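Since every read-out is calculated from the coordinates, none of them should be taken as a lab result. All figures in this text were calculated on a predicted structure; none of them were measured in a lab. Cβ sites come from the backbone with ideal geometry, for glycine too, and all protein chains shown count toward neighbours.
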Amino acid sequence: MTHTEAQPIVTRNDEDRRYEVHVDDVLAGFTVFRIDAQGRLHFPHTEVDPAFRGRGLAQAVVAEAMADAARRGETVVPHCPVVSKYLREHDVPGLTVAWPDQPHPE
């Protein structure tokens, strides 16, 4: 039996201040951001629904969030371990990263 995985779709939800990843119109995960007084995006947490784990969705939502922030000319401050790891392992053209002095507790 063959099963075709639906392509994940990542969108920015400004009302809830997060980037969301949907699979078959179901919210599968998200990465949260908050905007500081300087307009920088702080990313404290990324989460994937346990039913969708093991599909690379955390990396997919973070990758698109970082690419979108770069396109918008925004500065990212990574606190979330998933976001930090992604940025250490991948170059995101045009993205400005302000590394925090202290990790943000989850």
>> Could you order the peptides 11-21, 77-87 from most to least packed, using the average number of other C-beta atoms within 10 Å per residue?
In response: 77-87, 11-21
> In the chain, what percentage of the DSSP-assigned beta bridges are antiparallel, given to the nearest 5?
Replying inline: 75
> Which of these, 26, 62, 92, has the largest mean-square fluctuation under a Gaussian network model of the chain (Cα springs below 10 Å)?
Replying inline: 26
> Mind checking the angle between helix 57-72 and the chain's longest principal axis? C-alpha axes, 0 to 90 degrees, to the nearest 10.
Replying inline: 40
>> Across region 9-97, what fraction of all alpha-carbon pairs, as a whole percent, falls in each successive 10 Å bin from zero upward?
In response: 18, 55, 24, 2
>> For Cα pairs less than 8 Å apart in space and 6+ apart in sequence, what is the mean separation divided by the residue count of the chain, i.e. the relative contact order in percent?
In response: 21
> Along the charge dipole of the chain, Cβ charges K/R +1 and D/E -1, which of 95, 61, 45 sits furthest on the positive end?
Replying inline: 95
